[in-house]
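The values are calculated or read from the model by the stated rules, or taken from the named source; none is laboratory data. As the structure is a prediction and not an experimental result, all values here were calculated from the model. Heads up, the Cβs are rebuilt from the backbone with ideal geometry, glycines too, and the neighbour counts pull from every protein chain shown.
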Amino acid sequence: MDPAGVFATRYERDQALVRTRKQLVSLAVFVVLLVALPWLVGPRMVAAATVMLITAVVVVGLQINTGHAGQVNLGQAAFMGVGAYTAAVLAIKLGLPFWLSIPLGGVSAAAFGFIFGLSAVRIKGFYLALTTIAAQFLFHFMVLNLPSSWLGGSNGLSVPPAEFFGHRMVDGPSLYWMCLAFALVMVYGAYGITRSRHGRAFVAVRDDDVASGMMGINVVRTKAIAFLVGAFYAGIGGALWAYYVRFVAVDQFTLLNSIWFIAMIIVGGMGSVTGALIGVFVIKLVQESITSLGPTLVEQLPFLGGDIVFATMNVFLGGIIAAFLLFEPRGLMHRWNILKRSYRLWPFPY
Amino acid sequence: MIDFLNYVINGALIGLLYSLVGMGFVVIYRASKVFNFAQGELVVFGGFLVWWLVMHVGMPLAIGIPLAFVGAALFGLLIERVFFSRLVGESVFAMVMVTIGLLILIRGLILLIFGPQVRPFPIVFPLQPFIVGDILIPRSLLYGGILTIVTGLGLSWFFNRTRPGLKMTAVAEDHQVALSLGISVRASIAFAWMLGAVLSTLGAVIYLSGKSLNFLASDIGLIALPVVLLAGLESIGGLLIAGIIVGIIQGLAVAYLDPWVGGAVGSVLPFVIMLAILFIRPTGMFGWRTIERV
């Protein structure tokens with residue numbers, strides 16, 4: 001809900017993303033802070049932020065696919081991998097610049113995802129989720145079994161650094177800015193998609209596909225488009241990843257990664273782009289802190305053993321998914337909205 | 001020709017092993033309508049229970065394995081108590097998502113409790129193969145296959161003929177309807193998870209006998225999915241046939257296709273089969289025709 005005194009008199013106002021002057025100011029400050037981040041914090045934080053941005057692109061795509069359109073997708077990491085490999089191969093073989101190979105990575109991932117979205121013609125619900133698991137395994141098989149001169153097989157591929165007007169992007173800040181630019185565009189696009197005709201069709205299909213079919217929505221096409229969009233985002237994220245790590249290998253894109261992505265949208269809140277961003281931030285923050293705290297912890301308590309970090313992370317993540325589904329299925333975003341609402345209404349209860 | 005026969009028989013027996021793992025899956029689906037993605041983790045957990053009781057504590061097999069079954073059943077009950085009893089009446093979507101959470105949680109717990117090291121699994125069945133003419137059959141698979149068939153037929157009878165079994169089937173059809181008919185959805189789900197965990201442990205015993213065990217063995221849970229789908233999610237008897245079919249195809253493919261494409265056909269083929277089933281006949285061979293087409 002809006003603060004007192006703010007009400008929409010036209011449809012465009014009602015659909016606007018930024019509704020008050022204060023929101024505009026805080027958004028501008030936030031973006032400026034994001035841009036200025038490399039000057040404000042150390043290189044380690046910048047690296048973490050870059051990974052967050054890349055993950056955010058992937059997870060926002062998953063949010064559209066799973067949160068809005070309701071199609072469970074356990075293959076987002078595979079779609080990401082397709083994008084990463086496409087961008088890597090285009091950069092190595094054809095020497096394409098990054099601003100061409102990254103969108104093309106997205107396009108090829110979208111094509112790959114679309115194939116699996118097409119299975120919606122025949123099946124729905126969790127059967128659809130199974131086809132996406134198959135996507136994961138097919139991706140691994142393809143990369144490992146195609147001639148290694150094509151995709152590098154199990155050795156992976158080394159990616160040349162991105163170049164921007166002669167500047168080789170190898171340092172943290174410039175990679176960060178590249179990812180930030182793409183992430184801003186993609187996230188803005190996601191807000192656009194969710195407010196558009198397609199976005200409304202997604203939500204309708206998620207809530208009831210029979211009813212939405214009755215209302216004239218082409219259900220099969222909508223589901224396939226949801227996969228197309230979700231996979232496109234994954235592909236862009238994967239291509240960014242390829243340029244960021246400058247090395248792609250299959251084991252960067254596993255089923256477990258896909259499950260992490262799902263965890264992020266559950267924690268953040270299903271069906272909200274902002275929620276996806278919050279989920280990415282929270283989970284990545286926790287991951288980062290566990291990985292950086294882990295070694296010290298093992299030093300202090302040597303009987304724990306070095307692999308404790310991975311294990312704790314799993315226990316924590318599994319617990320968090322289950323806890324959110326049990327106690328707050330609508331995620332952190334819902335909590336935030338409740339908080340905001342009560343703040344605006346205070347001192348009245350409603 | 002002898003080679004061919006060898007591949008077929010061994011493939012069929014491995015397929016029966018998939019059926020057994022898939023049985024845990026189907027039992028949970030059949031009694032709670034929950035698609036359990038954590039099936040492989042249950043198998044690994046059962047395996048580690050057996051390892052811990054037999055190799056670590058040092059119990060004889062005859063006591064250790066039944067105790068592991070009891071432990072697995074308690075674990076299943078715990079899962080139901082902690083997670084699913086709170087979710088009765090919630091959407092199936094939430095329940096399935098919880099199983100994804102469980103997948104990660106159990107994996108982490110296994111790593112925390114038992115560690116990431118590769119452990120030797122006790123030799124439950126004698127290692128020397130069973131030899132008929134020129135055909136070599138590993139004993140663990142042979143006995144496992146027989147056990148699978150017996151269990152499968154027994155469970156099939158239980159779910160299709162007995163009153164408690166049919167009650168659970170009603171739960172799988174629709175939670176609300178089952179509740180309004182006086183069937184306890186909670187009890188059904190609890191039983192399903194206990195049975196599923198026990199079956200997974202049995203699968204672990206057969207699969208891992210004499211091999212090494214670590215948390216990566218959970219992959220079998222995913223490989224069993226195509227078998228489950230081919231049988232059609234609800235059919236336990238059909239699982240046996242589906243398992244044999246998938247196993248034979250996989251065995252032959254590994255033998256005759258691998259040299260052509262450079263290996264690993266065996267690991268991806270089940271999923272190709274799965275995709276084919278999903279596209280051609282999503283209800284599988286014996287499933288209920290309730291999958292709504294869009």
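A few remarks follow.
- Filtering region B:100-117 to residues that are surrounded by fewer than 22 Cβ atoms within 10 Å (Cβ to Cβ) and modelled with pLDDT of 85 or more leaves only B:LEU109.
- Checking the stated criteria, A:ARG341 turns out to be in the same structural domain as A:SER154 (by TED's automatic domain parsing), surrounded by fewer than 16 Cβ atoms within 10 Å (Cβ to Cβ) and of a type in the set (Lys, Arg).
A quick yes/no check of all residues on (1) at pLDDT 85 or above; (2) more than 30 Å from B:PRO126 (Cβ to Cβ); (3) away from chain A (no Cβ under 14 Å):
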residue	(1), (2), (3)
B:ALA187	yes, yes, yes
B:ILE245	yes, no, yes
B:GLY266	no, no, no
B:LEU275	no, yes, no
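- Test for B:LEU5: is it in contact (Cβ under 8 Å) with a residue 12 or more places away in the chain, surrounded by 21 or more Cβ atoms within 10 Å (Cβ to Cβ) and under 29 Å from B:ILE249 (Cβ atoms): no
- Filter pass, A:ILE217 being in the same structural domain as A:PHE164 (by TED's automatic domain parsing), out of contact with any Gly (no Cβ under 7 Å at 6 or more places or on another chain), modelled with pLDDT of 90 or more and not in a helix (DSSP H, G or I): yes
- Every residue from region A:3-55 that is assigned to a loop (DSSP other than H, G, I, E, B) and touching a residue at least 40 places away in the same chain (Cβ under 8 Å): A:PRO3, A:ALA4, A:LEU17
- Only a single criterion out of (1) surrounded by fewer than 17 Cβ atoms within 10 Å (Cβ to Cβ); (2) among the small types (Gly, Ala, Ser); (3) under 22 Å from B:SER19 (Cα atoms) is not satisfied by B:GLY182, namely (3).
- Note on region A:235-252: among residues that are part of a helix (DSSP H, G or I) and of a type in the set (Gly, Ala, Ser), the one that is nearest to the chain's Cα centre (by Cα) is A:GLY237.
- Residue within region A:324-332 that is under 30 Å from A:LEU96 (Cβ atoms), within 13 Å of chain B (Cβ to nearest Cβ) and either at pLDDT below 85 or crowded, with 22+ Cβ neighbours inside 10 Å (or both) present: no
- The set of residues in region A:165-214 being over 29 Å from A:ILE64 (Cα atoms), of a type outside the set (Asp, Glu) and surrounded by fewer than 14 Cβ atoms within 10 Å (Cβ to Cβ) consists of A:PHE165, A:GLY166, A:HIS167, A:ARG168, A:VAL170.
- The set of residues in region B:211-223 that are touching a residue at least 60 places away in the same chain (Cβ under 8 Å) and within 12 Å of another protein chain (Cβ to nearest Cβ) comprises B:ASN214, B:PHE215, B:SER218, B:ASP219, B:GLY221, B:LEU222, B:ILE223.
The rows are residues; the columns are (1) in contact (Cβ under 8 Å) with a residue 24 or more places away in the chain; (2) in contact with a helix residue (DSSP H, G or I) (Cβ under 7 Å, 6 or more places away or on another chain); (3) crowded, with 23+ Cβ neighbours inside 10 Å; (4) not polar (S, T, N, Q).
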residue	(1), (2), (3), (4)
B:MET1	no, no, no, yes
B:SER19	yes, yes, yes, no
B:VAL26	yes, yes, yes, yes
B:GLY40	yes, yes, yes, yes
B:GLY47	yes, yes, yes, yes
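- Pairing each residue of region A:280-299 that is modelled with pLDDT under 75 with any residue that is not in a helix (DSSP H, G or I), provided the two are 6+ apart or on different chains, yields C-beta distances under 9 Å for A:GLY294/A:GLY306; A:PRO295/A:GLY306; A:VAL298/A:GLY305; A:VAL298/A:GLY306.
- For region A:226-270, residues that are acidic (Asp, Glu) and either at positive phi or within 12 Å of chain B (Cβ to nearest Cβ) (or both) total 0.
- Restricted to region B:29-39, and to residues there that are under 18 Å from A:ALA322 (Cα atoms) and in a helix (DSSP H, G or I), the residue that is nearest to the chain's Cα centre (by Cα) is B:GLN39.
- Residues that are in contact with a helix residue (DSSP H, G or I) (Cβ under 6 Å, 6 or more places away or on another chain), buried (at least 24 other Cβ atoms within 10 Å of the Cβ) and away from chain B (no Cβ under 13 Å) are absent from region A:117-138 altogether.
- Screening region A:141-214 for helices (runs of 4 or more DSSP H) wholly inside it with 3 or more residues that are within 25 Å of the chain's Cα centre (by Cα) returns the ranges A:172-195, A:197-207.
- Filtered by the rule that a residue be of a type in the set (D, E, K, R) and either touching a strand residue (DSSP E or B) at 6+ places or on another chain (Cβ under 9 Å) or not in a helix (DSSP H, G or I) (or both), region A:256-303 gives no residues.
- Some residue of region A:88-105 being within 18 Å of the chain's Cα centre (by Cα), under 22 Å from A:VAL220 (Cα atoms) and surrounded by 24 or more Cβ atoms within 10 Å (Cβ to Cβ): no
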